[in-house]
Amino acid sequence: MSSRGFYIRAFVSATMLLVALGGLGFRLAFLHLGGHQQSKRAIERTIIAGRGYIFDCKGGDNILAMNLGVKDVCVSPKTLVENETVDEVSALLARNLGKDANKIAQNIRKRSVKEFAYVERYVHEDRIANIQELKVDGVFMQDKTVRYYPQGNFMSHVLGFVNYEGVGSLGVEQRVDSYLRGSPGLLESKVDARRRELYTKRGTYIPAMEGADVTLTIDQNIQYMVEKALDEVVAKHNPKGAWAIVQRIETGEILGMASRPSFNLNDFRTADSDLKLNRAIGVNFEPGSTMKALTIAAALNAGVITPSTMIDCENGQWFYGGRVLTDGGHSYGIMSVADIIKKSSNIGTAKIALMMGRKLQYDYMKQFGVGDRMGIELPGEEAGVLAPIKRWSKICPTRIAFGQAYSVTALQVLNTFCTIANNGYRMKPYLVKQITSGDGEVIYRGGPKVVNRPIGVTAANEMAKILATVTENGGTGRRARIDGFTVAGKTGTAQKVKDGTYSAWVGSFVGFVPAENPQIGVIVVVDEPEGVHAGGVVAAPAFREIVDQTVSYFDIQPATWTEVAQR
Amino acid sequence: MARRKRNKKKVDGFVFPAPFAGFVVIVSVFALAYLWLGSRCEMLGREIKKEEGKKKILVKRYLNEEYRWSRMKSPRNLERVLNQNGMVMSWPRRDQIVRLYDNSEYRNGYAKLDRVVMNE
């Protein structure tokens with residue numbers, strides 16, 4: 001072999017090798033540096049922030065709303081039909097999900113050519129542990145993270161729910177949505193051929209800012225007492241609706257708020273809008289006799305009357321402005337102001353309103369917040385309706401005096417009573433105690449806020465004493481009485497316009513306890529009860545039920561007027 | 001003479017220049033270090049991904065436990081369980097409560113029994 005031949009072969013081999021390596025290098029550079037490939041490998045993901053928790057007043061101990069991994073139970077109808085296991089699987093699913101097996105089988109057969117169908121959505125894995133263990137062919141689960149309410153239909157109207165888009169749609173969930181929602185994070189990285197993230201190529205990583213946790217002023221034990229009492233009212237009187245609120249007098253904290261009918265928060269999709277209405281703040285109604293307390297308190301404060309002023313309540317009928325006003329068939333004659341409240345005389349209260357004059361009457365009502373929203377942290381709060389004086393007819397002051405011709409929410413009525421109980425200071429009702437960010441920093445703190453002072457301490461104390469007579473023997477609110485305590489309150493049995501005429505009733509009871517040193521204010525409203533409709537019969541027992549347990553729960557001590565006067 | 005010349009040529013052909021050898025060694029060390037770092041990063045990345053997965057599962061389990069616990073100690077469930085066991089419970093009356101206060105007069109940490117008249 002000549003050396004020339006060797007050089008030629010070496011040259012050709014080296015050239016071929018260089019060309020091949022050059023080609024591979026070029027391709028490699030193209031793959032790695034080409035913009036098109038780069039963009040295919042690059043990913044940009046939004047990191048979803050976890051929504052904050054909602055707790056009751058005890059904070060982290062009692063979770064009312066949280067995020068939870070749940071599962072959608074799905075089937076492949078085609079597989080089940082081919083395997084001839086439709087009935088068997090339907091029975092298994094029905095047993096675990098509490099559904100009708102025939103209905104499930106029907107739905108599967110209807111979609112027999114399809115590969116996918118939902119059987120039940122958003123199911124907690126506890127309910128389907130059996131199904132998962134069995135690993136049935138044609139049955140599978142899809143993981144989901146949803147907003148979950150551990151106690152189902154408890155506190156529904158206060159908590160609210162989160163819709164499919166993750167937006168709070170009712171109650172606290174809606175009102176403090178921006179806090180609860182948090183801020184999403186960002187991830188910029190690259191993936192391999194199987195679209196798995198290449199951790200070493202991770203570029204930008206901004207972690208999500210978790211939503212803030214909201215602590216309410218509501219105590220879940222008080223709330224349970226309220227809801228239980230309302231359920232008993234509903235079972236006994238079958239009303240169209242019933243609602244109740246418990247408020248701490250000194251601070252304005254809402255300790256419990258419930259409305260019936262209600263709905264399951266974990267199944268909000270099936271509830272119609274009527275069930276979702278928080279009647280405690282979202283229904284205006286003519287309050288009736290409960291608001292006689294406002295008229296009398298205003299007149300006492302204005303010095304128009306004293307508790308012992310005698311008023312002629314006529315013989316059951318009184319003509320004024322061309323219209324007759326009655327006392328529900330009672331002929332009371334001449335009575336003191338205290339007795340007017342105790343017996344709930346319409347005529348007596350109407351006369352006191354006339355003594356006060358319409359301007360003063362209107363001003364006091366506005367100062368007590370009638371016709372204005374209370375500003376509680378819940379959406380859908382109504383303001384009530386109070387016509388301006390210029391639109392009042394001659395008889396208007398007499399009707400407004402005992403709670404007709406204007407409307408209020410239950411929260412407004414309760415707030416009026418709490419103002420009387422709180423030495424005349426009107427507190428802003430609130431139910432968000434604090435909001436804590438993901439890193440533990442308190443970013444909002446709710447607290448007592450005095451709105452105004454419509455009446456002075458003397459009028460307030462006189463009024464509290466008068467209201468305490470309502471639950472004494474001979475008063476209309478005897479059923480609200482509890483052992484060991486003096487209960488101050490007022491019954492309300494208001495007519496309600498239905499189909500254009502006053503043909504329905506709203507019974508209510510509102511009061512506070514202990515009358516001498518008020519701590520807790522409660523209102524119970526029963527809308528269109530069947531049969532008996534008097535507030536003292538339908539609402540007062542529920543009031544007693546709530547108050548009786550609340551005073552024990554909070555360890556509220558009874559007091560006497562003398563003790564309180566000496567303080 | 002001719003023999004000496006041939007030997008000299010052979011020795012010259014095998015000589016590896018020292019600077020080049022040093023360069024090759026440094027490049028090799030860097031290359032090996034790079035490969036080691038690369039594989040270490042890869043390994044750590046995989047480890048982190050694994051831990052992230054574990055964390056996700058633990059968070060899920062934690063949330064599930066929180067959910068179960070919240071349900072278990074809800075007032076409604078407590079009452080249901082009490083009823084199941086035939087127990088009727090109500091809030092205590094004032095005369096049924098014995099109050100204990102911190103007895104700072106005596107020694108911190110010791111409680112003092114407040115004897116309410118009703119308790120006698």
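The values are calculated or read from the model by the stated rules, or taken from the named source; none is laboratory data. Predicted model only: the values in this text are computed from it and were never measured. Backbone-built Cβ (ideal geometry, glycine too); neighbour counts: all protein chains shown. Side chains included, ligands, DNA and RNA excluded: accessible areas come from the protein's heavy atoms. Shrake-Rupley method; radii C 1.70, N 1.55, O 1.52, S 1.80 Å.
Any chance the range A:231-253 includes a residue that's buried (at least 16 other Cβ atoms within 10 Å of the Cβ) and within 13 Å of chain B (Cβ to nearest Cβ)?
no
Find all pairs meeting these conditions: Cβ atoms under 6 angstrom apart; at least six residues apart or on different chains; first residue within the range A:17-44 and open to solvent by 60 Å² or more (accessible area, probe 1.4 Å); second residue assigned to a helix (DSSP H, G or I) and at pLDDT below 80.
From residues that are open to solvent by 60 Å² or more (accessible area, probe 1.4 Å), the pairs are A:L31/A:Q37.
How many residues does the range A:102-128 hold that are more than 14 Å from every other protein chain (Cβ to nearest Cβ), farther than 30 Å from A:S259 by Cα and outside any loop (DSSP other than H, G, I, E, B)?
Final tally of qualifying residues: 12.
Being touching a residue at least 60 places away in the same chain (Cβ under 8 Å) and in a strand (DSSP E or B) is the filter here, so list the residues in the range A:321-361 that pass it.
A:R323, A:L325
Take A:R445 and tell me if it is assigned by TED's automatic domain parsing to the domain that holds A:L300 and over 17 Å from the mean Cα position of the chain (by Cα).
Here the answer is yes, as A:R445 does meet what is asked.
Select, from B:G53, B:G45, the only residue that is at the interface with chain A (Cβ under 7 Å from one of its Cβ atoms) and either part of a helix (DSSP H, G or I) or open to solvent by 80 Å² or more (accessible area, probe 1.4 Å) (or both).
The unique qualifying residue is B:G45.
If you go through the range B:28-66, how many residues are of a type in the set (A, V, I, L, M) and more than 30 Å from A:V146 (Cβ to Cβ)? So that I can check it myself, show each step before the final result.
We begin by selecting, within the range B:28-66, every residue of a type in the set (A, V, I, L, M); these are B:29, B:31-33, B:35, B:37, B:43-44, B:48, B:57-59, B:63.
Okay, now just the ones that are also more than 30 Å from A:V146 (Cβ to Cβ), so B:29, B:31-33, B:35, B:37, B:43-44.
Residues flagged as of a type in the set (A, V, I, L, M) and more than 30 Å from A:V146 (Cβ to Cβ) within the range B:28-66 amount to 8.
Could you check, for the range A:145-155, whether at least one of its residues is touching a residue at least 12 places away in the same chain (Cβ under 8 Å) and out of contact with any strand residue (DSSP E or B) (no Cβ under 9 Å at 6 or more places or on another chain)?
Yes, the range A:145-155 contains a residue that is touching a residue at least 12 places away in the same chain (Cβ under 8 Å) and out of contact with any strand residue (DSSP E or B) (no Cβ under 9 Å at 6 or more places or on another chain).
For the range A:404-430, name all the residues that are on the phi > 0 side of the Ramachandran plot and either in contact with a strand residue (DSSP E or B) (Cβ under 6 Å, 6 or more places away or on another chain) or open to solvent by 10 Å² or more (accessible area, probe 1.4 Å) (or both).
If the condition is that a residue be on the phi > 0 side of the Ramachandran plot and either in contact with a strand residue (DSSP E or B) (Cβ under 6 Å, 6 or more places away or on another chain) or open to solvent by 10 Å² or more (accessible area, probe 1.4 Å) (or both), then A:A405, A:N423 are the ones that fit.
Of the residues that sit in the range A:340-367 and are touching a Lys or Arg at 6+ places or on another chain (Cβ under 9 Å) and open to solvent by 10 Å² or more (accessible area, probe 1.4 Å), which one is farthest from A:R479 (Cα to Cα)?
Top of the filtered list is A:Q367.
Here are the criteria: (1) open to solvent by less than 50 Å² (accessible area, probe 1.4 Å); (2) within 14 Å of chain B (Cβ to nearest Cβ); (3) in a helix (DSSP H, G or I); (4) over 17 Å from B:L63 (Cβ atoms). Tell me which single one A:I131 does not satisfy.
(2)
Please state which one of A:P150, A:P184 is closer than 30 Å to A:R279 by Cα and either surrounded by 14 or more Cβ atoms within 10 Å (Cβ to Cβ) or not small (G, A, S) (or both).
On inspection, the qualifying residue turns out to be A:P150.
Looking at this structure, is A:A271 modelled with pLDDT of 95 or more and of a type in the set (G, A, S)?
no
Pick from A:V370, A:V337: which is open to solvent by less than 20 Å² (accessible area, probe 1.4 Å) and under 30 Å from A:E173 (Cβ atoms)?
Only one candidate qualifies: A:V370.
What helices (runs of 4 or more DSSP H) completely inside the range A:461-567 contain at least 1 residues that are within 14 Å of chain B (Cβ to nearest Cβ)?
A:540-553
A quick yes/no check of all residues on (1) within 11 Å of chain B (Cβ to nearest Cβ); (2) assigned to a helix (DSSP H, G or I); (3) at pLDDT 90 or above:
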| position | (1), (2), (3) |
| --- | --- |
| A:A29 | no, yes, no |
| A:H32 | no, yes, no |
| A:R45 | no, no, no |
| A:F55 | yes, no, yes |
| A:L64 | yes, no, yes |
| A:N67 | yes, no, no |
| A:V70 | yes, no, no |
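Pick from A:T476, A:T471, A:T491, A:T458: which is surrounded by fewer than 23 Cβ atoms within 10 Å (Cβ to Cβ) and either more than 30 Å from A:S178 (Cα to Cα) or touching a residue at least 40 places away in the same chain (Cβ under 8 Å) (or both)?
Matching residue, one of A:T476, A:T471, A:T491, A:T458: A:T458.
Among (1) away from every other protein chain (no Cβ under 14 Å); (2) modelled with pLDDT of 85 or more, where does A:Y148 come up short?
Of (1) away from every other protein chain (no Cβ under 14 Å); (2) modelled with pLDDT of 85 or more, only one is false for A:Y148: (1).
This table checks each residue for (1) open to solvent by less than 100 Å² (accessible area, probe 1.4 Å); (2) modelled with pLDDT under 85; (3) among the aliphatic types (A, V, I, L, M).
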{"position": "B:K5", "(1), (2), (3)": "no, yes, no"}
{"position": "B:K9", "(1), (2), (3)": "no, yes, no"}
{"position": "B:F23", "(1), (2), (3)": "no, no, no"}
{"position": "B:F30", "(1), (2), (3)": "no, no, no"}
{"position": "B:Y34", "(1), (2), (3)": "no, no, no"}
{"position": "B:R40", "(1), (2), (3)": "yes, no, no"}
{"position": "B:R68", "(1), (2), (3)": "yes, no, no"}
{"position": "B:I97", "(1), (2), (3)": "yes, yes, yes"}
{"position": "B:Y106", "(1), (2), (3)": "no, yes, no"}
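B:P75: at pLDDT 90 or above and open to solvent by less than 80 Å² (accessible area, probe 1.4 Å), yes or no?
Spelling it out, B:P75 is indeed at pLDDT 90 or above and open to solvent by less than 80 Å² (accessible area, probe 1.4 Å).
Just to be sure I understand, how many residues within the range A:515-551 are farther than 20 Å from A:V413 by Cα and out of contact with any helix residue (DSSP H, G or I) (no Cβ under 8 Å at 6 or more places or on another chain)?
Number satisfying all stated conditions: 2.
Can you say whether A:G500 is small (G, A, S), on the phi > 0 side of the Ramachandran plot, free of Cβ contacts under 8 Å to residues at least 60 places away in the same chain and in the same structural domain as A:K228 (by TED's automatic domain parsing), as far as the supplied structure shows? I'd like the intermediate steps shown before the answer.
Details: small (G, A, S): yes; on the phi > 0 side of the Ramachandran plot: yes; free of Cβ contacts under 8 Å to residues at least 60 places away in the same chain: yes; in the same structural domain as A:K228 (by TED's automatic domain parsing): yes.
So A:G500 passes the test.
Report the residue count in the range A:276-315 for those that are assigned to a helix (DSSP H, G or I) and open to solvent by 50 Å² or more (accessible area, probe 1.4 Å).
1
When the residues of the range A:384-403 are narrowed to those that are touching a residue at least 40 places away in the same chain (Cβ under 8 Å) and either among the aliphatic types (A, V, I, L, M) or part of a helix (DSSP H, G or I) (or both), which ends up surrounded by the fewest Cβ atoms within 10 Å (Cβ to Cβ)? If you could, list the steps in order and put the result at the bottom.
At the first step, the residues of the range A:384-403 found to be touching a residue at least 40 places away in the same chain (Cβ under 8 Å) are A:384-385, A:393-395, A:397-403.
So of that shortlist, the ones also either among the aliphatic types (A, V, I, L, M) or part of a helix (DSSP H, G or I) (or both) come out as A:385, A:395, A:397-401.
Numbers: A:V385: 13, A:I395: 16, A:P397: 24, A:T398: 24, A:R399: 20, A:I400: 26, A:A401: 28.
Looking at residues that are touching a residue at least 40 places away in the same chain (Cβ under 8 Å) and either among the aliphatic types (A, V, I, L, M) or part of a helix (DSSP H, G or I) (or both), I get A:V385.
Would you say A:G375 is open to solvent by 10 Å² or more (accessible area, probe 1.4 Å) and either more than 30 Å from A:V324 (Cα to Cα) or not small (G, A, S) (or both)?
Considered against the rule, which asks whether it is open to solvent by 10 Å² or more (accessible area, probe 1.4 Å) and either more than 30 Å from A:V324 (Cα to Cα) or not small (G, A, S) (or both), A:G375 comes out as yes.
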